[in-house]
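Let me begin by presenting the structure, written as structure tokens, before commenting on it.
The values are calculated or read from the model by the stated rules, or taken from the named source; none is laboratory data. Since we're looking at a predicted model, the values are computed, not measured. As a convention, Cβ positions derive from the backbone with ideal geometry for all residues, glycine included, and neighbour counts pool all protein chains shown. Each accessible area value is taken on the protein alone, full model and side chains, heavy atoms only, with ligands, DNA and RNA left out. Shrake-Rupley method; radii C 1.70, N 1.55, O 1.52, S 1.80 Å.
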Amino acid sequence: MKAARAAISGNAPTAADLAKMTPVERGHIVFQKYGCFQCHGQDAKGGVANPNAKTAEQVPGLIYVADGYTKDELKTFIRRGERNIPMLHPDGPPPPHFMPSWSNVISTNELNDLADYLFSLKPKGDNLGF
């Protein structure tokens, strides 16, 4: 966790530090490194306003992503992104926030670690049945 805190504070861990970390710990660093928290929240519970988005007019949280995706589907979604966010009111303006494509930005190893981190966020025992 020391290395994760260092990365979040702007002091990126060394390769040796990263090698000692679990995929979930490295994935948390990736979440911070690429600014995912800016839309999905520091704790990945969402809450950033996205007016006219069907997702309760917020950028969705990610703690239940394991209920809606396999890891491969999630990685494909992150690579591809999603510019067309479903609108709450079809006659209104499009939601201003969308998921950018990360295919040319994030490495395969980072993407694998990020998926592990996101899957680890699901509260234990919860099953939404998606």
Once you wrap a convex hull around the alpha carbon atoms of the chain, what is its projected area averaged over all directions, in nm²?
8.5
Note the angle between two axes, namely the Cα long axis of helix 108-120 and the longest principal axis of the Cα atoms of the chain, as a number of degrees from 0 to 90, rounded to the nearest 10.
70
Would you mind working out the accessible area per residue for the chain, using a 1.4 Å probe, and quoting it in Å²?
61
Relative contact order, percent, of the chain when contacts are C-alpha pairs under 8 Å separated by at least 6 residues?
29
Computing the accessible area with a 1.4 Å probe over protein heavy atoms, can you report the carbon and sulfur percentage for the chain?
56
Mind listing the Cα extents of the range 20-80 along all three principal axes, in Å, largest one first?
43, 22, 20
When you count, for each residue, the other Cβ atoms within 10 Å and take the mean per peptide, how do 53-60, 23-30 rank with the highest first?
23-30, 53-60
Quick check: the angle from helix 23-33's long axis to the longest principal axis of the chain, C-alpha only, nearest 10 degrees?
60
Which order do the peptides 112-120, 32-40 come out in when sorted by mean C-beta neighbours inside 10 angstrom, highest first?
112-120, 32-40
What pairs from LYS33/LYS75; LYS33/LYS124; LYS45/LYS122; LYS20/LYS122; LYS54/LYS124; LYS45/LYS75 go past 21 Å between their alpha carbons?
LYS33/LYS124; LYS20/LYS122; LYS54/LYS124
Over the chain: helical MRE at 222 nm, DSSP H runs n ≥ 4 each giving -39500 (n - 2.57), nearest 500:
-11000 deg cm²/dmol
